[in-house]
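Engineer: Structure provided below as structure tokens; questions to follow.
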Amino acid sequence: MELSHHMRAVEITEPGGPDVLKPCTRAVPVPGHGQIVIRVAYAGVNRPDALQRAGSYAPPANASPLPGLEASGTVVETGPGVTRYSIGDKVCALLPGGGYAEYVTTPEAHALPIPDGLSMKEAACLPETCFTVWSNVVMRGGLKAGERFLVHGGSSGIGTTAIQIAKALGARVFTTAGSDEKCAACEALGAEKALNYRSGDFVAMMHDEGGAQLILDMVGGSYLPRNVKALATEGRLVQIAFLQGAKVELNFAEVMMRRLTITGSTLRPQSDLAKARIAAEVEAHVWPMIAAGKFRPVMDSEFPLEQAAAAHARMESSGHVGKIVLKVE
Ligand SMILES: NC(=O)c1ccc[n+]([C@@H]2O[C@H](COP(=O)([O-])OP(=O)(O)OC[C@H]3O[C@@H](n4cnc5c(N)ncnc54)[C@H](OP(=O)(O)O)[C@@H]3O)[C@@H](O)[C@H]2O)c1
């Protein structure tokens, strides 16, 4: 397929607020060994994009400096060594960066077929959250059926995904969110109890239930010692972000006495092989949940690519429930 040499994209002109995101023109990327080029239909917007824009989450070496960690679209070119995908295939993919553009490259092992029954718009919202939730809640956190699982930020892209996947696994799901409306949305998705953290105490909620066996947290700060208190004996805490800060005072005697595990991870800096392993698990376990109607991404809003700044402003207003997407095609 003959591609034009230039494409529309959105760049980060300097570290700062949403307004530093500006439309630009870039050369169409060339696929390396094992990589595909995707003509992007929709790109998902994620909180780590806002951190990158603000200058506090640098892209890994060799990654595109353009923002965008996930997209859906059509394969338009394949690099040497590509075996699974052909030109014309529809995919959604985890990206090392560069999703806010008409074309993007990624290893084919990080791309998955569009699940039956989902639109390209919905599929663009799957990779970043599904990879993050599956790798942290199941591969790292070891969630089992019947366990009490607490996820903070239940109405976020990550939270709405975690609630549905944990519920589909047979866990009892508890969550926190910043308004009664958001809590109602979380309970509609399958959370047994959603607590408005502005008026209630999640430690008390979990103590009433016997403690959480697993917590997925993105808040950190004052939540860290409270998460430790909310865990049951031998409970696990998986940290995926620190929206309230990463430096806290903590009494580790509690960790020792109740045999707790504190761990965490970030997806983007992991090796291509590690991400390929997560992709395979997501396809094997999460795609069947979608086919069975147990999980569907929760869509908040859509913006044209050129209005990425408005999409970031919406995300940072925290008025959203679920995922925000950019329409690129
Ligand atoms: N480790 C990884 O690999 C990885 C990968 C992807 C995302 N993440 C992280 O996961 C988090 C969610 O990502 P996302 O894309 O789903 O973002 P998102 O939809 O913007 O969600 C962020 C949520 O955090 C809540 N929040 C914000 N500030 C808070 C505070 N000070 N205290 C309590 N809650 C607060 C907001 O809910 P309320 O309005 O209800 O407070 C909001 O729903 C982000 O922090 C992101 O950096 C980590």
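Engineer: Could you tell me what a quarter of the Cα convex hull surface of the range 141-264 works out to, in nm² with one decimal place?
Structural biologist: The Cα convex hull of the range 141-264, projected and averaged over all directions, gives 6.7 nm².
Engineer: What residue among GLY142, GLY73, GLY154 has the largest mean-square fluctuation in a Gaussian network model of the chain, using Cα springs under 10 Å?
Structural biologist: Largest GNM mean-square fluctuation: GLY142.
Engineer: Something else about it: Between the alpha-carbon centers of the range 120-142 and the range 75-101, tell me the distance in whole angstrom.
Structural biologist: Using only Cα atoms to place each centre, the spacing works out to 19 Å.
Engineer: For the range 52-197, take the convex hull of the Cα atoms, compute a quarter of its surface area, and give me that in nm², please.
Structural biologist: That works out to 10.6 nm².
Engineer: Any aspartates and glutamates with Cα under 18 Å of the LYS327 Cα? List them, leaving off those in the same chain fewer than 8 positions away.
Structural biologist: Correct list for LYS327: GLU11, ASP49, GLU70, GLU102, GLU122, GLU128, ASP300, GLU302, GLU306.
Engineer: Counting each DSSP H run of 4 or more residues in the chain as -39500 (n - 2.57), what helix-only mean residue ellipticity at 222 nm follows after dividing by all residues, to the nearest 500 deg cm²/dmol?
Structural biologist: The per-residue figure over the chain is -8000 deg cm²/dmol.
Engineer: Sorted from largest down, what three extents in whole angstroms do the Cα atoms of the range 208-329 have along their principal axes?
Structural biologist: 55, 35, 34
Engineer: Next question, about the same structure. Build a GNM of the chain with springs between Cα atoms under 10 Å: which of ALA111, ALA101, ALA253 gets the top mean-square fluctuation?
Structural biologist: ALA253
Engineer: Which pairs break 23 Å Cα to Cα here: LYS121/LYS294; LYS90/LYS182; LYS22/LYS247; LYS22/LYS182; LYS193/LYS294?
Structural biologist: LYS90/LYS182; LYS22/LYS247; LYS22/LYS182
Engineer: Another one. Just to confirm a number: summing +1 for Lys and Arg and -1 for Asp and Glu over residues other than ALA274 whose beta-carbon lies under 14 angstrom from that of ALA274, what do you get?
Structural biologist: +2
Engineer: Determine the share of the chain's accessible area contributed by carbon and sulfur atoms, expressed in whole percent, with a 1.4 angstrom probe.
Structural biologist: 53 percent
Engineer: Would you mind working out the accessible area per residue for the range 141-264, using a 1.4 Å probe, and quoting it in Å²?
Structural biologist: Averaged over the residues of the range 141-264, the accessible area is 42 Å².
Engineer: How do the peptides 293-302, 280-289 rank, highest first, by the average count of neighbouring beta carbon atoms within 10 Å per residue?
Structural biologist: 293-302, 280-289
Engineer: Shifting gears a bit: Any idea what the relative contact order of the chain is, in percent, if you count C-alpha pairs under 8 Å spaced at least 6 apart?
Structural biologist: Taking the mean separation of contacting Cα pairs over the length of the chain, I get 19 percent.
Engineer: Here's another thing I want to ask about it. With equal scatterers on the alpha carbons only and no solvent term, can you work out the Debye log10 of I(q)/I(0) for the chain at 0.07 1/Å?
Structural biologist: Taken in order of the listed q values, log10 I(q)/I(0) reads -0.27.
The values are calculated or read from the model by the stated rules, or taken from the named source; none is laboratory data. None of these values were measured; they are calculated from a predicted model. Neighbour counts are summed over all protein chains in view; Cβ atoms, including those assigned to glycine, are modelled from backbone coordinates with ideal geometry. Each accessible area value is taken on the protein alone, full model and side chains, heavy atoms only, with ligands, DNA and RNA left out. Shrake-Rupley method; radii C 1.70, N 1.55, O 1.52, S 1.80 Å.
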